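In what follows, a single structure is set out as structure tokens and then discussed.
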2 protein chains.
Amino acid sequence: MPGGEIRFAASELEARTFSALREAGADEASAGAATRAMMHASRLGIDSHGVRLAAFYAEALRSGQVNGRPAPRLHRTGAATATLDADRGLGHLAAYAGMEAACDLARESGIGAVGIVRSTHYGAAGAYALAGAEAGYVAICTTNADSLVALHGGKARFHGTNPIAAAAPVAGSKPWLLDMATSAIPYNRILLFRSLQRELPAEVAADPAGEPTRDPFRAEMLMPLGGRDFGFKGAGLAGLVTILSAVIAGARPDHLVPPMNPEDGSLPQAHDIGHFCLAIDPERFVGRAGYDALMAQYLEGLRRAPASQALAPGDREWRTLEERERSGIPVDPDTARFLRLA
Amino acid sequence: MPGGEIRFAASELEARTFSALREAGADEASAGAATRAMMHASRLGIDSHGVRLAAFYAEALRSGQVNGRPAPRLHRTGAATATLDADRGLGHLAAYAGMEAACDLARESGIGAVGIVRSTHYGAAGAYALAGAEAGYVAICTTNADSLVALHGGKARFHGTNPIAAAAPVAGSKPWLLDMATSAIPYNRILLFRSLQRELPAEVAADPAGEPTRDPFRAEMLMPLGGRDFGFKGAGLAGLVTILSAVIAGARPDHLVPPMNPEDGSLPQAHDIGHFCLAIDPERFVGRAGYDALMAQYLEGLRRAPASQALAPGDREWRTLEERERSGIPVDPDTARFLRLA
């Protein structure tokens with residue numbers, strides 16, 4: 001955050017974010033879940049999904065696009081499976097509940113999966129995978145989203161940025177934590193590069209004809225991870241996320257999801273996306289002691305590997321967490337105003 | 001296959017491959033499973049993992065590195081989980097058995113997971129995901145492997161090429177089928193480009209100092225999917241595969257796996273890798289009819305999307321299958337000699 005960076009204590013940001021959502025019509029559980037997920041992102045340095053989204057969710061609540069007082073319904077369908085109808089509430093509430101249910105199923109049956117439907121944007125997918133890992137499980141969480149990413153060689157938006165988040169417990173340490181879009185970059189990085197008037201990295205975005213462009217003002221769609229040569233892999237992973245989150249669960253495929261932020265200024269329609277939560281109990285495989293020993297051995301090898309920076313997924317985020325606990329969390333001026341911090 | 005391409009009928013290749021493995025000491029079940037997996041790859045055009053591997057497996061059987069007469073042991077550990085000790089047999093036998101068990105668990109409990117240990121190279125991961133989809137499940141299969149891929153910014157081999165394979169049933173059609181290494185290219189493509197004296201694609205391989213190189217003779221390690229800017233995503237996915245296949249299951253992490261093909265000519269040691277098989281029953285989520293309708297809707301959208309070639313994962317392979325059923329399967333001269341075809 002260049003220029004006049006303003007930092008705030010996490011506790012203050014958390015309280016203001018919660019209040020802002022309550023004032024916009026969210027009930028206590030919904031405001032609490034969305035605040036928790038946004039604070040996860042803000043604490044760990046994933047600012048694109050941090051408290052800057054509070055204004056966006058407040059608007060979605062006020063417009064009625066998102067139901068601030070949902071009655072989510074969990075329905076057990078097997079020894080290891082359940083579905084969850086999010087009742088068009090904030091996706092955060094549904095995803096935390098879904099991951100908790102997946103962990104309960106895994107405790108009972110070794111692995112648990114929950115498919116969530118009639119849900120909305122849930123912020124950083126890693127928040128829910130992390131919750132699963134903190135409960136002791138290897139956890140995976142995916143969501144589909146409205147179309148922003150071209151197919152490999154595509155000339156129009158098709159998939160959402162469809163993240164894959166995964167987390168795994170590490171004995172005596174913070175979890176291993178991967179949270180990645182299946183596009184190379186998120187869409188809001190194009191907007192950021194427009195405001196900075198900077199060139200995009202190569203092969204991350206395409207112009208309206210589907211040709212790769214580094215000009216953020218000509219960028220009309222994202223390209224899948226892998227770029228011009230290997231984008232079929234990113235597109236394949238995006239499709240896997242759609243199948244898990246929408247097709248299995250029973251939500252709309254990405255290309256039929258109305259955008260949450262219509263660019264033509266029209267009123268947003270009901271969003272209706274799906275999420276998938278998976279929890280695996282290592283106890284039912286190698287056993288907890290064996291798992292802990294192998295995970296330690298894997299990470300020790302990784303940290304000793306010759307590299308410019310031998311980082312496990314999450315390492316950078318946990319360092320940011322420490323730094324921000326000491327020095328506060330930077331907030332952009334618009335968000336600070338919205339949260340009545342400045 | 002440039003130059004003197006020789007083609008053979010699938011049935012002939014299959015019989016010769018099976019015989020070659022039997023002669024090398026594999027029992028009927030092992031030879032049958034390995035042949036089935038190699039023929040999957042050869043039929044679908046994944047020639048790197050097709051019958052050209054028969055000579056390699058025969059050598060591993062003859063040296064005793066792979067147990068040709070294994071007694072795999074499946075152990076049920078929960079309503080939805082099991083482990084499988086592959087007894088150092090051909091990985092194909094273990095992986096087909098593991099996926100079949102995962103499907104049985106999913107039929108009973110909605111989702112099923114099997115962790116496989118004490119296993120060896122299993123060829124194309126997609127063979128097992130496809131078997132799960134053909135049985136009616138959304139199926140995922142992963143394996144770890146010996147080190148060939150640098151970390152993001154890494155200067156040494158660390159992860160295996162650690163594939164992610166996934167398949168999903170499509171009513172009235174061949175399954176959706178994704179089978180991708182988490183490196184940009186497989187290692188044998190470097191060897192192929194050496195023999196062709198051709199430049200590698202950009203940012204797929206690195207020299208001994210970890211610098212990206214397009215010279216196949218200088219390439220010492222693969223780079224993770226995503227290249228110089230986004231390789232942390234490919235490395236993160238490779239790590240997820242290691243955690244699922246080795247850490248949870250109880251096999252060795254990639255960097256401790258002795259190579260199957262020691263480049264210094266030393267005798268290969270026991271390989272000991274792990275696989276992970278997951279099967280999900282759509283019946284326990286949106287239901288079969290809902291799943292079929294959403295999958296059709298998703299694929300219809302995909303095939304209509306403006307693109308130079310709007311292909312779903314698997315489309316190219318199913319076309320190759322048709323073409324090879326008509327015209328036979330091309331085999332390189334060395335493999336043709338080994339299989340006594342030429």
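Tabulated values for the structure
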{"item": "Region A:140-179: number of residues that are farther than 23 Å from residue A:313 by Cα and of a type in the set (Asp, Glu)", "result": "1"}
{"item": "Region A:239-250: number of residues that are in contact with a helix residue (DSSP H, G or I) (Cβ under 8 Å, 6 or more places away or on another chain) and surrounded by 24 or more Cβ atoms within 10 Å (Cβ to Cβ)", "result": "6"}
{"item": "Selection within region A:76-91 - in contact with a Gly (Cβ under 6 Å, 6 or more places away or on another chain) and touching a residue at least 12 places away in the same chain (Cβ under 8 Å)", "result": "A:80, A:81, A:83, A:84"}
{"item": "All positions within region B:205-218 that are surrounded by fewer than 24 Cβ atoms within 10 Å (Cβ to Cβ) and under 24 Å from the mean Cα position of the chain (by Cα)", "result": "B:216"}
{"item": "Residue check, residue A:199 assigned to a loop (DSSP other than H, G, I, E, B), within 10 Å of chain B (Cβ to nearest Cβ) and either among the acidic types (Asp, Glu) or within 21 Å of residue A:53 (Cα to Cα) (or both)", "result": "no"}
{"item": "Of residues in region B:94-108 being surrounded by fewer than 24 Cβ atoms within 10 Å (Cβ to Cβ) and at the interface with chain A (Cβ under 10 Å from one of its Cβ atoms), the one farthest from residue A:79 (Cα to Cα)", "result": "B:107"}
{"item": "Tabulated pairs, region A:135-157, first within 8 Å of chain B (Cβ to nearest Cβ), second of a type in the set (Val, Ile, Thr) and buried (at least 21 other Cβ atoms within 10 Å of the Cβ), C-beta under 7 angstrom, 6+ apart or interchain", "result": "A:138/A:280; A:138/B:243; A:138/B:248"}
{"item": "Residue match in region B:231-243 (condition: within 13 Å of chain A (Cβ to nearest Cβ) and modelled with pLDDT under 95)", "result": "no"}
{"item": "Number of the exception - residue B:190 against (1) in contact with a strand residue (DSSP E or B) (Cβ under 8 Å, 6 or more places away or on another chain); (2) assigned to a loop (DSSP other than H, G, I, E, B); (3) more than 12 Å from chain A (Cβ to nearest Cβ)", "result": "(2)"}
{"item": "Top-ranked residue of region A:205-232 - restricted to ones that are assigned to a helix (DSSP H, G or I) and either in contact (Cβ under 8 Å) with a residue 24 or more places away in the chain or not charged (D, E, K, R) (or both), ranked as farthest from residue B:228 (Cα to Cα)", "result": "A:232"}
{"item": "Filtered residue count, region B:181-204, keeping only those that are more than 20 Å from the chain's Cα centre (by Cα) and either in contact (Cβ under 8 Å) with a residue 60 or more places away in the chain or loosely packed, with under 15 Cβ neighbours inside 10 Å (or both)", "result": "6"}
{"item": "Flag if residue B:239 is closer than 22 Å to residue A:177 by Cβ, part of a helix (DSSP H, G or I) and within 18 Å of the chain's Cα centre (by Cα)", "result": "yes"}
{"item": "Residue match in region A:4-16 (condition: within 21 Å of the chain's Cα centre (by Cα), away from chain B (no Cβ under 14 Å), surrounded by 23 or more Cβ atoms within 10 Å (Cβ to Cβ) and in a loop (DSSP other than H, G, I, E, B))", "result": "no"}
{"item": "Selected residue (only one of B:313, B:282, B:253, B:333 is more than 12 Å from chain A (Cβ to nearest Cβ) and either surrounded by fewer than 17 Cβ atoms within 10 Å (Cβ to Cβ) or touching a residue at least 40 places away in the same chain (Cβ under 8 Å) (or both))", "result": "B:333"}
{"item": "Candidate set from region A:109-140 (those that are of a type in the set (S, T, N, Q) and not in a helix (DSSP H, G or I)); member that is surrounded by the fewest Cβ atoms within 10 Å (Cβ to Cβ)", "result": "A:120"}
{"item": "Residue selected from region B:146-180 under the condition assigned to a strand (DSSP E or B) and of a type in the set (D, E, K, R), by the criterion surrounded by the most Cβ atoms within 10 Å (Cβ to Cβ)", "result": "B:179"}
{"item": "Test result for residue B:20, touching a Phe, Trp or Tyr at 6+ places or on another chain (Cβ under 9 Å), surrounded by 16 or more Cβ atoms within 10 Å (Cβ to Cβ) and under 16 Å from residue B:91 (Cα atoms)", "result": "no"}
{"item": "Check on residue B:220, away from every other protein chain (no Cβ under 11 Å) and farther than 24 Å from residue B:96 by Cα", "result": "yes"}
{"item": "Region B:285-298, subset more than 9 Å from chain A (Cβ to nearest Cβ) and among the aliphatic types (A, V, I, L, M), residue nearest to the chain's Cα centre (by Cα)", "result": "B:296"}
{"item": "Some residue of region B:56-73 being hydrophobic (A, V, I, L, M, F, W, C), surrounded by fewer than 24 Cβ atoms within 10 Å (Cβ to Cβ), modelled with pLDDT of 95 or more and not in a helix (DSSP H, G or I)", "result": "yes"}
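The values are calculated or read from the model by the stated rules, or taken from the named source; none is laboratory data. All figures in this text were calculated on a predicted structure; none of them were measured in a lab. Neighbour counts run over all protein chains shown; Cβ positions are idealised from the backbone, glycine included.
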